1. Based on the Cα gyration tensor of region 390-450, what are the three equivalent ellipsoid semi-axes, each the root of five times an eigenvalue, rounded to whole Å and given largest first?
2. Please give the FRET efficiency for Asn227 paired with Leu134, using the beta carbon to beta carbon distance and R0 = 30 Å, rounded to the nearest 0.05.
3. Which percent of the accessible heavy-atom area of the chain goes to carbon and sulfur, probe 1.4 angstrom?
4. At 0.36 nm per residue, minus the direct Cα-Cα distance, what do Lys361 and Ser110 gain on full extension? Give it in nm, one decimal, please.
5. Quick one: P(r) of the chain from all Cα-Cα pairs, 10 Å bins, percents rounded to integers, in order of increasing distance.
6. Treating only the Cβ atoms of Lys and Arg (+1) and Asp and Glu (-1) as charged, compute the dipole magnitude of region 115-213 about its Cα centre; round to the nearest 20 debye.
7. How far, in nm, would the chain grow between Val35 and Glu237 when pulled straight, counting 0.36 nm per residue and subtracting the alpha carbon separation?
8. In nm, to one decimal, how far is the modelled label at Trp23 from the one at Asp211, with both set 7 Å along Cα→Cβ?
Amino acid sequence: MIRLEIKPNILVIGDLMIDHYLWGTCDRISPEAPVQVVNVKKENSVLGGAGNVLNNLVTLGANVEVISVIGDDSTANELKSLLKEININTENLVIENNRKTSKKSRLIASQQQVLRYDMESIEDIKNSSCEEILTNLKRYIQKLDAIILSDYGKGVLTKTLTQDIIKIANENNVKVLVDPKGKDYSKYRGAYTLTPNKKEAMEATNVNIKDDETLIEALNILKNECNLEVSLITLSENGIAIFDNELEIIPTVAREVYDVTGAGDTVIASVAFALSNKLTIKEAINFANLAAGVVVGKIGSATVTLDEIYEYESSLHKSTSASHIKTFDEIEALAKRLHEKGKKIIFTNGCFDIIHAGHVKYLEVAKSYGDVLILGLNADSSVRKLKGPTRPINNQEDRAYILASLESVDYVVIFEEETPYELIKLIKPHTLVKGGDYEGKDVVGQDIANELKLVQFVDGKSTTNTIKRIQNSETNN
């Protein structure tokens with residue numbers, strides 16, 4: 001996968017709400033009525049609606065702004081607090097007096113939802129609120145990479161306002177991606193793309209999607225009637241369908257599905273993020289499928305980070321060897337996450353100039369001591385200091401790429417210093433692995449790792465011996 005380096009500026013406009021959960025147990029029926037009596041043990045609140053799109057954009061690393069309309073109630077204050085927790089600016093939230101900020105409360109007894117009650121206003125927002133939203137949008141439009149319209153049918157994205165937003169965005173060459181609601185998609189006309197699921201697309205197009213032919217028909221209707229640049233339909237576990245000159249279904253890459261809650265929010269957030277990083281739409285959809293694959297493997301409405309996506313792709317054996325080569329900053333962040341997950345990290349290092357069977361077997365043994373093997377590779381300058389001016393035979397990029405392609409090696413980090421001590425300090429490995437020739441010697445980094453393992457080399461296998469055989473062969477010829 002192409003590494004996404006840009007931190008794009010993405011604006012989300014839509015319906016914000018709070019998802020409120022009451023967790024408890026039930027062991028009796030009420031004497032007052034035939035209903036369960038739930039003894040509530042705990043409660044929590046999280047951002048819902050457009051808020052989950054914000055969460056996903058933040059964890060991906062985007063610079064995020066939000067524009068919405070809320071009430072002047074206690075729920076609005078709670079909503080602002082939740083936004084501030086993820087460092088989202090709340091200055092562009094338009095307040096309407098006597099409007100109820102959306103809050104959905106779910107009562108869950110013994111892990112089963114038994115009741116949901118909503119407190120909200122769903123009528124269209126006032127014209128004055130629409131004007132304020134457009135004023136705020138015009139302040140940001142010049143620096144935006146993308147706009148996401150997250151429509152939950154709660155009155156913020158009125159037809160006129162939605163069309164005004166799309167018009168302003170198109171005039172400034174800013175892509176608008178829409179998570180649509182309802183059956184009338186004409187309000188989204190002129191957007192870059194919509195992200196309806198199969199059921200939503202069927203309702204909006206009146207096409208019973210049952211095969212490729214009807215899928216193409218629905219995609220064409222969406223593209224033509226909504227004047228979209230790209231037409232796509234999400235197909236749950238079957239992936240995402242896109243129609244350009246021909247139908248292409250980009251398959252999902254989920255290994256295990258625990259919960260699809262919020263997967264749609266992850267898809268639109270990750271497509272917008274990838275497009276803002278100059279990926280093509282097909283590359284963006286592949287990226288979104290990987291992101292969704294991570295999210296559905298979690299419980300609850302979840303988010304995903306870039307590192308999780310890269311690691312997930314690696315675990316599917318679909319990554320290039322280059323994606324396993326990390327910088328110091330990347331390996332520090334990655335190691336931190338591995339420690340948090342309870343993974344046992346193994347570290348070894350060396351020059352690995354001409355790779356031979358002895359190296360491969362050594363690394364296979366090293367990997368057997370834990371979950372993740374990180375290899376510190378001496379840079380060319382470091383090798384010259386250790387081995388002399390004629391070494392290395394292979395440059396550091398070639399050596400790193402070959403090592404990263406080995407199944408036993410999870411990550412490779414090139415270091416310029418004579419020793420990998422600073423690298424080991426960043427990684428804090430559980431186990432340090434060195435060759436058997438270090439028996440009785442001090443090993444760099446031994447004071448940081450929990451344990452040291454020595455692995456015996458394969459007799460007769462070494463880069464030096466290989467070079468001697470090549471030189472002898474040339475002399476004899």
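The values are calculated or read from the model by the stated rules, or taken from the named source; none is laboratory data. All values derive from a computational prediction rather than experimental measurement. FYI the Cβ positions are ideal-geometry reconstructions off the backbone, even for glycines, and counts take in every protein chain you see. Areas reflect the complete protein model, heavy atoms only, side chains present, ligands, DNA and RNA absent. Shrake-Rupley method; radii C 1.70, N 1.55, O 1.52, S 1.80 Å.
1. 22, 15, 13
2. Computed FRET efficiency for Asn227 and Leu134 comes out at 0.90.
3. For the chain, the apolar C and S fraction of the accessible surface comes to 46 percent.
4. 85.3 nm
5. Histogramming the chain at 10 Å steps yields 4, 17, 23, 20, 16, 12, 7, 2, 1, 0, 0 percent.
6. Charge dipole of region 115-213: 200 debye, to the nearest 20.
7. Result for the pair: 69.1 nm of gain on full extension.
8. Result for the modelled spin labels: 4.8 nm.
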